[in-house]
Each structure stands twice: as structure tokens, then as C-alpha cells.
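The values are calculated or read from the model by the stated rules, or taken from the named source; none is laboratory data. The structure presented is a predicted model; accordingly, all values stated were derived computationally and were not measured. Every residue, glycine among them, receives a Cβ derived from its backbone with ideal geometry; neighbour counts consider all protein chains shown.
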Amino acid sequence: MEEDLKVEINWDVDQDKMREQVQGMIEACRRWGKVLVLPLSMSEESIFLILSQVDCRNCDAICCQSGPAPVTLLDSEYASMKWKKLPERKLSLPCQFLDCNLCAIYKDRPMNCLMFPIQRGGRIADKYGKNHEEALALASYCPEARRIAMRAYMAIWEVKYKITKVSTEEISRILRGH
Ligand code: SF4
Ligand code: SF4
């Protein structure tokens, strides 16, 4: 498992600075082989949201070719007969099921492949910077993970930015319902 890189994001900046900051963080994670921590807690909803955004069409199956292998854990639900025949129930790299950059056992792929590029090891501090909770993290060597991380940070920055731009008068007006 890759570890996370301890970075502090300053959200109180303009859009260009925010993009630059996130780009720097993404590049540092990639360079140092660290997971990309997203500003989202680990929940079923955020996992499904992230996985639904992954589009592997323009990638040469980096995760199945060179890893670090996402593929040693075999969940019994996904352990098909093909899996049971594998020595040590473990995949090599490049994966023996990779066929012309496609997974030959896609429907039976193990849980680690199914969940990829989601990783464990990400932590975010609460608003007081004290208690840490598990955050959603992505494998930084996956190009889609890097694209999604940038989008996630920028989308959350936009929401935060808009909220801080709402005046007290506007908030009062919204609360009064007119
Ligand atoms: S490295 Fe990422 S983008 Fe490439 S095939 Fe794996 S999950 Fe898809
Ligand atoms: S089982 Fe399929 S998805 Fe998993 S590493 Fe092998 S080719 Fe890739």
C-alpha cells in the first residue's frame, strides 16, 4: 500500500492558484509514489462516485502491466474457477489475464481490480486540524486517478469559494425565504 503525502491545501486562494497548488500536489504524489488523498471521507457513496468516473479507454492498462499490483487479494465472491487454478492464488505482472490491454476475466476480476484506483492509507484532519479520519485515496500512477483528483479538488474549491462570497444580507434573505 502506498502511503499518503502530508500536504496542506490552502483553500482560500483564487481558481488559478488552487489549480496550480493541486497540480503540484498531484505531481509530488506521483513522483514519490504516494497515494492521492481526496478531500472526501471514505464512504460507499464517494467510492461509487469515483469509480463511476474512471474511463480507461485511453490508457494502456498501466495498473495491469506494471503495478504496483492491485491484484493479490482474492475475495471469495470473485474467486472463479480460473482463479482457483492459479498457483498461490496470486497474479503476476504483467497480469496473465491481460489480453490486448483488456481483462480476459473482467466479470470475475478480483476485488482489488474492481476497486482500483481506490486505495487505503489516506487521512484528512477535521476542521480543527486535530482528529484524523480515513479519506478516500487514489493510486497516483493511474492517469484517471490524477484527472479525477484534480476535478474533485476544483469542484469542492468552487463550492467553498461560492459560499464565502455570499454576503450576510444574502444569507439572511435566503433564511427568511425571500
Ligand atoms: S491505470 Fe487507471 S486508467 Fe489505466 S487501466 Fe488502470 S484504472 Fe484504468
Ligand atoms: S485480473 Fe484483469 S483487471 Fe485485474 S490486473 Fe489482471 S487483467 Fe487487470
Inset, instruction - For residues that are near ligand 1 (Cβ under 10 Å from one of its atoms) and modelled with pLDDT of 60 or more, tally how many sit in the range 43-97. - result: 15
Legend entry - Close pairs (8 angstrom Cβ cut-off, 6 or more residues apart or separate chains): assigned to a helix (DSSP H, G or I) and within 8 Å of ligand 2 (Cβ to nearest atom) in the range 51-73, at pLDDT below 65 and not polar (S, T, N, Q) anywhere: Cys63/Pro70; Cys64/Val71
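Just the residues that are outside any strand (DSSP E or B), basic (Lys, Arg) and modelled with pLDDT of 80 or more, please, taken from the range 116-146. Don't jump to the end; show me each part of the working.
So the first thing to find is which residues in the range 116-146 are outside any strand (DSSP E or B), and the list is 116-117, 126-131, 140-146.
Retained after the next criterion (residues that are basic (Lys, Arg)): 127, 130, 146.
Answer for the range 116-146, where residues must be outside any strand (DSSP E or B), basic (Lys, Arg) and modelled with pLDDT of 80 or more: just Arg146.
To keep it simple, each residue is scored yes or no on (1) more than 15 Å from Gln15 (Cβ to Cβ); (2) of a type outside the set (Gly, Ala, Ser); (3) surrounded by fewer than 16 Cβ atoms within 10 Å (Cβ to Cβ).
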{"residue": "Tyr141", "(1), (2), (3)": "yes, yes, no"}
{"residue": "Ala145", "(1), (2), (3)": "yes, no, no"}
{"residue": "Glu158", "(1), (2), (3)": "no, yes, yes"}
{"residue": "Thr164", "(1), (2), (3)": "no, yes, yes"}
